[in-house]
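In what follows, a single structure is set out as structure tokens and then discussed.
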Amino acid sequence: MAKKTDKASRAMKVEAMQKVIGYEFKKPLILEEALTHSSYANEHRNIQTKDNERLEFLGDAILDLVISEYLFKKHPEMPEGDLSKLRASIVCEGSLAKTAKTIQLGEYVFLGKGEEMTGGRERASILADGFEAVTGALFLEGSFELAKDFLTKTLICQVEGMTSLEALYTDYKTLLQENIQKESNVPIHYEVVGEEGPDHDKKFYVEVYHGENILGRGCGKSKKEAEQDAAKKALEKLEN
């Protein structure tokens, strides 16, 4: 009975998500996979549930292409460097998570019990990854144009009219790189120096180096988040 109830619950969430997206999948299992976090898949191996990491990988590439085309056309006079910075700000974790909240994505993702109990439905990394996975699912289900239409109505709609990094989301890694390059050609790099906690509530620790010098140390629920935090700490240190 529990298995049937769980299956029915998943089907209801998939159906509700389709209404939010405004598209009915011919193969609903693709969307179900896009909504499945690894914590849920690990707890339900008996039903061979796939997590959304492969779809996230695909969606990430589509996002880059769609946003690149959008910025290229919207800002015909903008140089490549500024276009790259704007794109990085639009597709960063914070931006994607904010957009995911506008479609209540957190309500529909399938999470393991641990993630559920520790606020996973509001976690930026889970929301951002889920948003990328849904984008990938739409591409596989229909076409590039279907995925592009989804991004236009959601992500691009969020950033219309914004032309500066300050108006979007601060990309501390890019800002730190630019700051360092003013004085030095030595590259900066990031290293994961530690992690703790169970899989459903992981915390990563990252250090950012300029040559052999440590500029800053940060932490976060994902490696990307920890890198941004380390860059932010490094910028604060340099400013002081």
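Comparison of PHE139, PHE110, PHE131 shows that the only residue that is in contact (Cβ under 8 Å) with a residue 12 or more places away in the chain, touching a strand residue (DSSP E or B) at 6+ places or on another chain (Cβ under 6 Å) and assigned by TED's automatic domain parsing to the domain that holds HIS37 is PHE110.
Please work out if GLU225 is in the same structural domain as ASP64 (by TED's automatic domain parsing), among the acidic types (Asp, Glu) and crowded, with 21+ Cβ neighbours inside 10 Å.
Numbers: in the same structural domain as ASP64 (by TED's automatic domain parsing): no; among the acidic types (Asp, Glu): yes; crowded, with 21+ Cβ neighbours inside 10 Å: yes.
When the stated conditions are applied, GLU225 does not pass them.
Among the residues of region 214-239, the ones that are assigned to a strand (DSSP E or B) and within 19 Å of the chain's Cα centre (by Cα) come to 3 in all.
Considering only residues in region 192-222 that are surrounded by 14 or more Cβ atoms within 10 Å (Cβ to Cβ) and of a type in the set (Asp, Glu), the one that is nearest to SER125 (Cα to Cα) turns out to be ASP201.
The values are calculated or read from the model by the stated rules, or taken from the named source; none is laboratory data. Please read these numbers as outputs of a predicted model, since none were measured by experiment. Glycine gets a Cβ as well: all are built from the backbone with ideal geometry, and neighbour counts include every protein chain shown.
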